[in-house]
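A.B. asks: Handing you this structure, nothing more for now.
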There are 2 protein chains.
Amino acid sequence: MTEPAKIWGVGVGPGDPELLTLKAHRIITNADVIAYPAPSEGDSLARSIVADYLSGAQKEIVIRISMDPARFPPRDVYDQAVEEIGRHTASGQSVAILCEGDPFFYGSFMYMFEKLAQLGPVEVIPGVSSMMASAAALQTPLASRNDVICVIPATLETDDIQTRLDAADMAVFIKVGRHLAKIKAVLQKAGLLEFAHYIERATMMEEQRSPLSEIRSDTAPYFSMILVHRRGKAL
Amino acid sequence: MTEPAKIWGVGVGPGDPELLTLKAHRIITNADVIAYPAPSEGDSLARSIVADYLSGAQKEIVIRISMDPARFPPRDVYDQAVEEIGRHTASGQSVAILCEGDPFFYGSFMYMFEKLAQLGPVEVIPGVSSMMASAAALQTPLASRNDVICVIPATLETDDIQTRLDAADMAVFIKVGRHLAKIKAVLQKAGLLEFAHYIERATMMEEQRSPLSEIRSDTAPYFSMILVHRRGKAL
């Protein structure tokens with residue numbers, strides 16, 4: 001126990017266990033307790049990313065979160081997790097909360113952050129985000145010089161997406177999932193479809209990537225992104 | 001020499017040497033040659049971030065880049081560096097090119113990338129970007145749910161900045177430097193000044209942060225950012 005009662009929100013990166021930072025690795029392997037989100041049933045992606053680094057001697061808190069959008073965010077689940085974490089920190093045990101990618105880039109960690117901060121100091125350890133990992137895997141620079149990057153959730157309405165796209169030099173669509181056909185239609189109309197890159201599960205074993213125009217399906221996995229630069233490429 | 005003749009563009013993160021990824025650490029310590037940008041005179045920030053990990057036995061290529069905007073990007077300097085790197089890879093020596101933050105997030109690495117790719121396979125290792133590091137240091141989540149994040153270079157004209165700001169839920173201003181007064185004026189006009197956070201040199205020893213409204217100076221260091229969420233905070 002190096003720093004008793006401390007809480008960390010730790011970015012574990014986009015999927016490749018080697019894309020953990022040295023700091024995240026140190027904290028996760030030294031914390032008394034690790035906590036992580038998981039679906040209602042099945043394994044936690046965040047835990048699977050760091051699995052090889054765990055000794056098995058740590059206490060683990062599984063935060064089970066329903067993926068049903070109608071029930072998101074499930075505040076009762078987060079509140080209960082904060083309470084459980086609080087019991088550990090009160091007894092002098094440090095807790096590292098694992099976050100996929102970066103904790104503050106659309107991460108569900110933020111739903112616990114304010115209440116955790118009432119328990120004591122919370123340090124946030126930034127991580128490699130899926131956006132940077134996708135650009136690297138696609139060998140596509142995001143932006144040069146005066147370019148504006150817009151990160152646009154594909155969950156927005158078509159009109160809203162068009163407005164935001166107009167303001168972007170590089171548009172990064174996240175949460176593509178069942179909104180794939182909508183994004184393709186918007187990009188087609190804007191004359192940008194030919195420039196768009198599709199990628200799913202960047203840096204994971206199952207990574208897939210291709211020009212968006214070659215994707216025939218109308219839906220995609222949750223961990224998919226579309227990157228498109230107004231000039232075709234940043235450089 | 002584990003992978004002869006290979007070239008990597010390696011993100012070394014925002015400044016804290018512990019925010020290097022495990023993969024970046026492995027590649028940088030194993031490469032035959034390391035190359036890095038540096039100003040016309042003085043030390044390289046990218047090299048200083050990894051200095052403690054270097055054995056001193058590696059060949060080093062310093063890419064000296066004038067910070068004069070009128071001479072940027074200096075294509076002759078980049079071409080010369082690519083040529084020198086090519087001489088090493090041709091003789092079987094692997095080369096790791098160090099990039100501050102993430103290589104493809106406004107990094108000057110992109111100016112060499114296409115020509116490097118003609119020499120052989122180039123792998124890009126994503127890094128923790130200053131954007132995520134700044135949000136973590138400010139304890140400010142970037143975006144939740146359907147929020148759009150816009151990364152806006154402060155170098156743009158006032159009208160252009162206003163248009164892009166209108167399209168953002170979270171605006172991240174980069175390259176603030178001598179454009180600080182302009183950004184303050186735009187945010188004041190938009191009624192967002194009170195929500196804006198200022199940070200310079202995130203995760204470095206010299207990190208400074210404060211509400212933007214308390215900054216009296218009209219200029220800032222190059223490595224400074226302003227983060228502002230339209231609702232005051234993402235959550």
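The values are calculated or read from the model by the stated rules, or taken from the named source; none is laboratory data. Since the structure is predicted, the reported quantities are computational estimates derived from the model, not experimental observations. All Cβ positions, even for glycine, are placed from backbone atoms using ideal geometry, and neighbour counts span all protein chains on display. Surface areas here come from the heavy atoms of the whole protein model, side chains and all, with no ligands, DNA or RNA. Shrake-Rupley method; radii C 1.70, N 1.55, O 1.52, S 1.80 Å.
A.B. asks: Between B:PHE72 and B:THR158, how many nm apart are label points set 7 Å from Cα along the C-beta direction?
C.D. replies: Result: 2.3 nm between the two label points.
A.B. asks: Against the globular-protein guess of 2.2 N^0.38 Å, express the Cα radius of gyration of the range B:146-187 as a ratio, rounded to two decimals.
C.D. replies: 1.06
A.B. asks: Same structure, new question: Send over the semi-axes of the range A:7-125's equivalent ellipsoid, whole angstrom and largest first, taken as the square roots of 5 times the C-alpha gyration tensor eigenvalues.
C.D. replies: 19, 18, 13
A.B. asks: What does the charge dipole of the range A:130-229 about its Cα centre add up to, to the nearest 20 debye, if the Cβ of each Lys and Arg holds +1 and the Cβ of each Asp and Glu holds -1?
C.D. replies: Approximately 100 debye in magnitude.
A.B. asks: Using only the alpha-carbon atoms of the range B:179-235, report the extent along each of the three principal axes, biggest first, to the nearest angstrom.
C.D. replies: Principal-axis extents of the Cα atoms in the range B:179-235, largest first: 32, 28, 16 Å.
A.B. asks: In Å², what does the accessible area per residue of the protein assembly as shown work out to with a 1.4 Å probe?
C.D. replies: Using a 1.4 Å probe on heavy atoms only, each residue of the protein assembly as shown averages 42 Å².
A.B. asks: Still on this structure, please answer the following. Report Rg (one decimal) and Dmax (nearest whole number) for the range A:62-119, counting Cα atoms only, units Å.
C.D. replies: Looking at the range A:62-119, its Cα Rg and Dmax stand at 11.8, 37 Å.
A.B. asks: Only counting protein heavy atoms at a 1.4 Å probe, give the residues of the range B:147-166, ordered by number, whose accessible area falls by 10 Å² or more when the other protein chains are present relative to the chain alone.
C.D. replies: Buried on complex formation: B:ASP147, B:VAL148, B:ILE149, B:CYS150, B:VAL151, B:PRO153, B:THR155, B:LEU156, B:ARG164.
A.B. asks: Summed for both chains, how many Å² of accessible area, to the nearest 100, are buried between B and A with a 1.4 Å probe?
C.D. replies: 4900 Å²
A.B. asks: Can I ask one more? Given DSSP loops and a limit of at most 16 other Cβ atoms within 10 Å, what is the longest stretch of chain A that contains no such GluC sites (Glu not before Pro)?
C.D. replies: The longest such stretch corresponds to A:42-156.
A.B. asks: Kindly report, to the nearest 10 Å², the accessible surface of A:THR163 as traced by a 1.4 Å probe over protein heavy atoms only.
C.D. replies: Surface accessible to solvent at A:THR163 totals approximately 80 Å².
A.B. asks: Treating the range B:130-229 as a set of equal point scatterers at the Cα positions, no solvent, please give the Debye-formula log₁₀ I(q)/I(0) at q = 0.11 Å⁻¹.
C.D. replies: -0.27
A.B. asks: Can you give the Rg to Rh ratio for the protein assembly as shown, taking only C-alpha atoms and Rh from Kirkwood?
C.D. replies: Over the Cα atoms of the protein assembly as shown, Rg/Rh equals 0.95.
A.B. asks: Please find, in a Gaussian network model of chain A (springs between Cα atoms separated by less than 10 Å), the residue of A:ALA81, A:ALA70, A:ALA168 whose mean-square fluctuation is greatest.
C.D. replies: A:ALA70
A.B. asks: Using a Gaussian network model on chain B with a 10 Å cutoff between Cα atoms, which of B:ASP32, B:ASP43, B:ASP68 fluctuates the most?
C.D. replies: B:ASP68
A.B. asks: Now for a different question. Ignoring everything except DSSP H segments at least 4 long, calculate the 222 nm mean residue ellipticity for the protein assembly as shown; use -39,500 (n - 2.57) per segment, divide by total residues, nearest 500.
C.D. replies: For the protein assembly as shown, the value works out to -8000 deg cm²/dmol.
A.B. asks: Can you give me the C-alpha center-to-center distance between the range A:10-26 and the range A:164-235, rounded to a whole angstrom?
C.D. replies: The distance from the Cα centre of the range A:10-26 to that of the range A:164-235 comes to 26 Å.
A.B. asks: Here's another thing I want to ask about it. In chain B, what is the volume of the convex hull around the alpha carbon atoms, normalised per residue and reported in Å³?
C.D. replies: Value for chain B: 136 Å³ per residue.
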